[in-house]
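These notes are about the structure you will find just below.
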Amino acid sequence: MSTHNPQYGQPESRLPVYKTTTEDERCLALLTAAITGVAASEASPSDYQRSIDQAFEQATFQRPYRRLILVLYAPGVKRILVSRATLGKGTTLFSAIFVHLLRHPRLSEFHNTAFRLQLDFVRDKPADVDLYGVGMAQTGPRHFEIGIDGLLFTGPDQKRRFFLPGDAYVRSIMSMQQLREYLHRGHGEDIVRASRFQRFRSESYLSSTTGHWLRLYRGHPAVGRVTQEKLERAVERAVDHIQLTQEPNGKFLYYYDPARDTRRDHEHPKRNPDKNPYYNILRHAGGGLTCLYYERYTQSGRSLENIRRALDYFVAHGREYSCEGRPAAYIYSERKAKLGGAGIGLYWLADYQLHTGDQHYQPWADKIAWHLLHQITESGEFIYYNIYLDKPITEAENNDYFSFYYPGEAVCGLARYALIASPEVKDLIVKRLKCALHFLLNIRPKTRAEHYTTVPSDSWLMMGIVELWELPEMRDPAYARFVFDDARRMIDQMYKVTDAPYPDYAGAFYYKFGDYPYADGARCEGLLGAYQLAVKMGEQEIAEEIWNAMRLAAWAVLHLVNTPDSVYSVKRPELTLGGIRFKYTRQWFRIDTIQHVASFFAKLLPCLEKTCTRI
């Protein structure tokens, strides 16, 4: 399959290129030894000064530079930052600056820690900037790029303070409002407003966990070329994280913010996760699917126990009732019975049975499927909630409880379940889903036009149609046309290698060109579904068109994956590793942000093997 389109090829080549050398590693080893020795009170800073300068002179870091900034991190320890200017000539000996780090009064706190050292070289003269007059949405000189631009500011007390470019990632900031609020909290709004601000950019390096330097871009280690091994490791670490954090009752860790070391959701700051532990049962099912996709790819069996424990938790929320003389069940959680929760849950139950042959959960699948079939009204519209905050919702009230995504999730569930259903129920699924798809593809775009975004977002519906292609009666060209059209619109709204405003924007989506990048695992799953459908239909040109874009999208979402090297600034790296974030410079993640990217990779990997294509 061709991969030579320059719009999609080699996005990593646009990022700063750095290759470690023996001299660079020797320099790092000496700096590490100096920090270790002084922190343990076993050596004096002066013991290393001459040898450090010699090692730094032999290293390949470009000189001259105007300012050097050193930052030392360790889990659970407040970082140390020291900086000195070189009068624009780069003549100040490296050791003269490094010794300030070694003499810091808190250096002993780094004794016996897995510390990481960051070097930021500032080469250009900082320029004056109005903190309240620049922004991400501005253009030209008033544009401020979060993660790329840093701030040096001096207050009325003449104290110099820094917000490094990579601090956007370290401090979990992606907007100017968040940046200003962070500065106000940390330094006081009066001081911030009275300060003189200058902006700068830096060339940033970080010591790795394996003894060499890494190049940072937007605070994150450069991901390099996407490889099969990197995708496999991302999925493995995601499953490792799920296994580490799953509770005995089957629940997953719902939300975690490593920057604040808290499970308190930033969108609901007043909700105490211990006293009021909100848990979304739909996202729970997605976490189980992540493990199941991993099992489909690896055939390892190592997460099957986690899947069964999560399934037990899920079906424990089933509420049975009688419908047209048959047992039916909905999923009740957080005082709601959602269409989407039942839909994704049914998909998970059916897929588990298809993968393992274990029929233990089929009675629940049968009852949930019967419920879903009777949530399709005569018009083809689904009932979105049959209970909302403990209130039963009638069909007449359905319009007030609209959800854009729940129908696609229900289609997915019924489509997958059809493969294990009785012939009688399978025939009813075909009949009812034809009615539902007519509404979703022909009626809803007119009656709910305001819910359709520039970047198509109904990936579950796209994937549901792909699942339905297993049923010959459902192979309607209009269904395929919807999937391919949405995929093309996604690709149209994707930053390409050749037009990305910044190199790491490539492969991410935008609503309006210039937007901060939306690297989105859920939409990637929709693209992958479209690719799979094109392959099933023998549409080679369409498959190749989507494949090229999908490779680039995989590179973009790889920036969201927490690796051993990328968790350098957090208090609890062991809890952060394997998490997959929602935004480039935001640290928080949820079980569903892990789900969408890890599931995309797990489903993409077999396609790589089949095409024998280097991604």
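The values are calculated or read from the model by the stated rules, or taken from the named source; none is laboratory data. Please read these numbers as outputs of a predicted model, since none were measured by experiment. Using ideal geometry, Cβ is built from the backbone for each residue, glycine included, and neighbour counts are taken over all protein chains shown. For accessibility, only protein heavy atoms count, side chains too; no ligands or nucleic acids. Shrake-Rupley method; radii C 1.70, N 1.55, O 1.52, S 1.80 Å.
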Screening Y388, Y417 for residues that are touching a strand residue (DSSP E or B) at 6+ places or on another chain (Cβ under 7 Å), within 27 Å of S457 (Cβ to Cβ), modelled with pLDDT of 95 or more and not acidic (D, E) leaves only Y388
Quick check on my filter: what residues within the range 391-443 are more than 29 Å from L354 (Cα to Cα), in contact (Cβ under 8 Å) with a residue 12 or more places away in the chain and β-branched (V, I, T)? I443
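Residue-wise test of (1) of a type in the set (S, T, Y); (2) over 24 Å from W364 (Cα atoms); (3) over 33 Å from the mean Cα position of the chain (by Cα).
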site: D400; (1), (2), (3): no, yes, no
site: S403; (1), (2), (3): yes, yes, no
site: V425; (1), (2), (3): no, no, yes
site: W460; (1), (2), (3): no, no, no
site: G464; (1), (2), (3): no, no, no
site: L468; (1), (2), (3): no, no, no
site: P472; (1), (2), (3): no, yes, yes
Quick check, is R171 closer than 22 Å to D515 by Cα, at pLDDT 95 or above and either among the hydroxyl-bearing types (S, T, Y) or in contact with an Asp or Glu (Cβ under 9 Å, 6 or more places away or on another chain) (or both)? no
Here are the criteria: (1) in contact (Cβ under 8 Å) with a residue 24 or more places away in the chain; (2) surrounded by fewer than 24 Cβ atoms within 10 Å (Cβ to Cβ). Tell me which single one A556 does not satisfy. (2)
Which one of Y332, Y313, Y361, Y321 is touching a residue at least 60 places away in the same chain (Cβ under 8 Å) and hydroxyl-bearing (S, T, Y)? Y313
Taking the range 266-279 as the search range and keeping residues that are touching a residue at least 24 places away in the same chain (Cβ under 8 Å) and under 20 Å from the mean Cα position of the chain (by Cα), which one is least open to solvent (accessible area, probe 1.4 Å)? Y279
Residues of the range 393-412 being open to solvent by 70 Å² or more (accessible area, probe 1.4 Å), more than 16 Å from H374 (Cβ to Cβ) and either touching a Cys at 6+ places or on another chain (Cβ under 7 Å) or charged (D, E, K, R) (or both), in sequence order, are D400
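This table checks each residue for (1) surrounded by fewer than 21 Cβ atoms within 10 Å (Cβ to Cβ); (2) within 22 Å of E409 (Cβ to Cβ); (3) hydroxyl-bearing (S, T, Y).
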residue	(1), (2), (3)
S459	no, yes, yes
W469	yes, yes, no
E473	yes, yes, no
A487	no, yes, no
Of the residues in the range 441-451, those that are within 28 Å of the chain's Cα centre (by Cα) and surrounded by 13 or more Cβ atoms within 10 Å (Cβ to Cβ) come to H451
Is the range 568-578 home to any residue that is among the β-branched types (V, I, T) and closer than 20 Å to R225 by Cα? no
Say we look at the range 433-460 and pick out the residues that are of a type outside the set (S, T, Y) and not in a helix (DSSP H, G or I); which of these is farthest from F402 (Cα to Cα)? V455
Residue under question is R185, and the condition is that it be closer than 18 Å to V71 by Cα and open to solvent by 40 Å² or more (accessible area, probe 1.4 Å); does it hold? no
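So that you can scan it fast, the table gives a plain yes or no per residue for (1) closer than 21 Å to K571 by Cα; (2) among the β-branched types (V, I, T):
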{"residue": "A29", "(1), (2)": "no, no"}
{"residue": "I35", "(1), (2)": "yes, yes"}
{"residue": "E42", "(1), (2)": "no, no"}
{"residue": "T60", "(1), (2)": "no, yes"}
{"residue": "P75", "(1), (2)": "yes, no"}
{"residue": "I80", "(1), (2)": "yes, yes"}
{"residue": "H100", "(1), (2)": "no, no"}
{"residue": "F115", "(1), (2)": "yes, no"}
Taking the criterion of being part of a helix (DSSP H, G or I), farther than 30 Å from A137 by Cβ and among the aromatic types (F, W, Y), would at least one residue in the range 461-481 satisfy it? yes
Would you mention how many residues in the range 241-265 are surrounded by 16 or more Cβ atoms within 10 Å (Cβ to Cβ) and at positive phi? 1
Go through (1) open to solvent by 40 Å² or more (accessible area, probe 1.4 Å); (2) touching a Lys or Arg at 6+ places or on another chain (Cβ under 7 Å) one by one and return the number of the condition A328 breaks. (1)
In the range 564-591, residues that are open to solvent by 20 Å² or more (accessible area, probe 1.4 Å) and under 20 Å from A508 (Cα atoms) total 4
Out of (1) farther than 24 Å from K431 by Cβ; (2) crowded, with 23+ Cβ neighbours inside 10 Å; (3) hydrophobic (A, V, I, L, M, F, W, C), what's the single condition that is false for L304? (2)
Candidates R160, R237, filtered to the one that is open to solvent by 20 Å² or more (accessible area, probe 1.4 Å), in contact with a strand residue (DSSP E or B) (Cβ under 8 Å, 6 or more places away or on another chain) and more than 30 Å from K125 (Cβ to Cβ): R237
Residues of the range 39-91 satisfying the condition of being in contact (Cβ under 8 Å) with a residue 40 or more places away in the chain and farther than 30 Å from N112 by Cβ: Q62, P64, Y65, R66, R67
